[in-house]
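Okay, so here's the structure we're looking at.
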Amino acid sequence: MNALELYFRLAFAIALLLAPGWCLARALGVRSVSATLAWSLTLLFGALVVTFLLISSLTTAIALFAVAGFAALAAMLARRRGPAGRARGAPGRWWAGVAGVIVGVILWHVAGTVQGDGLFHLARVRKLLAFDDLTLHRVIEFKDGGLHPGYAFPLWHGFLAVVARLSGEDPTQVFLHASSFLAPLAVLVAYEAGWALFRRVWAAGAVAGAQAGLVCFAPGHGGAYALLAQPEPAARHLLVPAALALAFEALRAPSVPRYLSVAAAGLSLAVIHPTYAIFLWIPFVGFLAVRALWSRSDLRAGLAAFGALALPTVLFVLWLVPVVGHTASVSPNASELQRAIVHYKTYLHVRSPSSYSLAPEVLTRTGPIAIVAIVLFPLACLASRRRWAAFVLGGSLAVLAVCLVPLLFTHFADAVSLSQARRTAGFFPFAFAFAGGLGVLSRLVGPVLPSLALIAGAVLEVAYPGDFQYALKNGAPGLIVWIAGAAGVVALVVGLMRRGSPLEADAGFAAALFLLPIVAYGLARWTPVSAPPLSTLSPGLVHALRTDVAAGAIVYSDQETSYRLAAAAPVYIAVAPPGHVADTKENDPYGRARDARAFAASGDLAIPERYGAEYLVVDRLRIRRTFSLPRLYRDERFVLYRLPVRS
């Protein structure tokens, strides 16, 4: 199949998946991409819930989803025949959509191979497609394991599985190329969030441009946009801005349909990535507090919007509590806490095992856009009457407080795990602070701002291009964050005392010129990320797994090979790299890893038998021994054995 046919197959499948949400959003009178995405995922969530309760197949979920879609279509047509006026979307959204499509097209070029966490998620998608008796426990990696607290309900995996089924493509192709269609949605929801907050076309464009520059172009290789098929980037760059866009619109024009749409976005975000739904509360609560302090407005509508956002999360987290209770990284003991602190030491300022905070360099690690956003956010006090100013200053101070104050960060990390708490820095309102700060600067310095912006973008890109490796080594000086935080506290008082009209002006051209060097540098590194050595299975082994091994069988191997086996075929494994599975009592990833090392050293078949394994895969580069077992497949590197059936 050529690339063009694959492109249109995936486009058609994703369009079909979004159609029910599009119809329902319009039936409710909420015309936006954000509402379309939120309602489509909510309807799919309902279909999957019923499917799991019935212990049925993905076909059942698709049928239920289609029924919901036809009902939404009927409701939309009935609304159009009625007297209600037609809802309007954000002006300029078509230009944002065109820009997003261009980004999506060029992302096709950087699709390489599925690696890292993508293998974990791909394994779940394969099981959703393969099994006829689906339950939540049927789609996990270990047959005798427990649910992952972050991905206990496979909503996003279900989304990708439906795309694979509707397009007729292997889920690997969906994982590699779905980003080309999700990236336009990411650009559009960022634009809608900017419009909902600023009510300025130039500012909405600056927000969308800054967001794309920050997470797509600054890292090179497509950045997080190239990984939008995975739940974490999808939640962060699709659902978070969509929820904000809907919440800001509900603030401006409160109505039941808008609040319901906010709740749909909150539910979708909570199910796909529960901690991100909680992290979103931090800047939003900061916004409401500063808005009430500065202008004594939006409090009732804001609390209603926050309630719509938070209630689905609270209900889902209550359902999740038993799963979280079995996770070692939440409310950790002394040894687990010490292990986590050592593992994430480059992200932390540790005063003692019971007092630590995020290193301020984490907030500037993504390069020039983040640095400028942090430097400029205190300027929001000069536009204190505007909603965007309250969100930028209140949201920024709230995130900085949680990240940098040891008392707050330590307890927060105990509640959500240190692994998750370090990601709170990503909820600093970078794109909004960038647009708003430039708008104030445009009023202050006038026509010289575009030239200054171009120079600043180029200089910062050379000096601090960003540190996108796993371990933080080369972030911009943390002193920048401390000074900006102190200035933000002063700005809070200034905004309270200030009574003049907002100081802001169009800064769209300046924003574009600042982003130009970042985008150019990113495009210069627009290549697929290289696959690590020994990180792929042979095509022959994959074929044997799919033809000679029954779906749902347990296959034993070393941890790295096992991790890839589950992504290549709908099978269960018995061991995986501990960093890529949930550290729950049922999973016991470190115990499984010890057993795998013992097996590699001894070849004792009692070890895989203890895990109920029916097949054995030996990577001869890792385990240099042979076994007297029936051999189903062999090549230069891999051997697939059939283990004897034990009574």
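Just so you know, all these numbers are worked out from the coordinates, no wet-lab data involved. As the structure is a computational prediction, the values presented were derived from the model and not from experiment. Glycine gets a Cβ as well: all are built from the backbone with ideal geometry, and neighbour counts include every protein chain shown.
Of note:
- Cα shape, the range 262-396, gyration tensor, a/c 1.5 rule: oblate
- Relative exposure of 121, 349, judged by other C-beta atoms within 10 Å (fewest first): 349, 121
- Projecting the Cα atoms of 320, 607, 237 onto the dipole axis of the chain, where Lys and Arg carry +1 and Asp and Glu carry -1 at the beta carbon, places 237 farthest toward the positive end.
- Label zone of residue 350 (point 7 Å out along Cα→Cβ, amide N under 15 Å): in the range 452-494 this covers 472.
- For the chain, a simple Cβ point-charge model (Lys and Arg +1, Asp and Glu -1, everything else neutral) yields a dipole of about 1380 debye relative to the Cα centre.
- In terms of other Cβ atoms within 10 Å, 376, 318 run from fewest to most in the order 318, 376.
- Tilt relative to the chain, helix 155-167 - C-alpha long axis, 0 to 90 degrees, to 10: 70
- The magnitude of the dipole of the range 334-529, with charges of +1 and -1 set on the Cβ of Lys/Arg and Asp/Glu and taken from the Cα centre, is near 260 debye.
- Anchor residue 473: lysines whose Cα lies under 22 Å away (excluding residues fewer than 8 positions away in-chain): 345
- Neighbour-limited loop hits for trypsin sites (Lys or Arg not before Pro), the range 278-319 (at most 16 other Cβ within 10 Å; DSSP other than H, G, I, E, B): 296
- Computed over the range 345-503, relative contact order equals 41 percent, with contacts defined as Cα pairs under 8 Å that lie 6+ residues apart.
- Helix 240-252 vs. the chain, principal-axis angle (Cα, 0 to 90°, nearest 10): 40
- Highest average packing first - 335-345, 99-109, Cβ atoms within 10 Å: 99-109, 335-345
- Proximal lysines relative to residue 585, as straight alpha-carbon distance under 20 Å, when same-chain residues fewer than 8 apart are discounted: 143
- Angle between the chain longest axis and helix 406-416 axis [Cα atoms, degrees, rounded to 10]: 40
- Projecting the Cα positions of 350, 278, 578 onto the charge dipole of the chain (unit charges on Cβ atoms of Lys, Arg, Asp and Glu, taken about the Cα centre) puts 278 furthest along the positive direction.
- In a reduced charge model with +1 at each Lys and Arg Cβ and -1 at each Asp and Glu Cβ, the range 539-642 shows a dipole moment near 280 debye about its Cα centre.
- Inter-part distance, the range 528-557 to the range 226-251, computed on C-alpha centroids, equals 33 Å.
- Förster-model FRET efficiency, 22 Å R0, residue 585 and residue 55, C-beta, rounded to 0.05: 0.30
- An oblate overall shape is assigned to the range 334-529, the ratio a/c of its alpha-carbon gyration tensor axes (a ≥ b ≥ c) being 1.5 or greater and a/b not exceeding b/c.
- Using only the C-alpha atoms, the convex hull of the chain corresponds to 153 Å³ per residue.
- The chain, relative contact order in percent, only Cα pairs under 8 angstrom and at least six apart counted: 15
- Cβ-Cβ FRET estimate between residue 462 and residue 411, R0 fixed at 45 Å, reported to 0.05: 0.70
- Straight-line reach from residue 127: taking Cα to Cα under 20 Å and skipping same-chain neighbours fewer than 8 places apart, the aspartates and glutamates in range are 117, 141, 144, 169, 170, 232, 548, 560, 586, 614.
- Selected from 413, 366, 468, residue furthest toward positive end of dipole (the range 334-529; charges at beta carbon): 413
- For the range 55-163, trypsin sites (Lys or Arg not before Pro) are listed when DSSP marks them as loop and at most 14 other Cβ atoms sit within 10 Å of their Cβ; the list is 86, 88.
- Three-way shape label, the range 1-150, alpha-carbon gyration tensor, a/c 1.5: oblate
- Length added when fully stretched, residue 335-residue 621, from 0.36 nm per residue minus Cα-Cα: 99.6 nm
- Mean Cβ neighbour count within 10 Å, used as a protection proxy, ranking 185-195, 517-527 highest first: 185-195, 517-527
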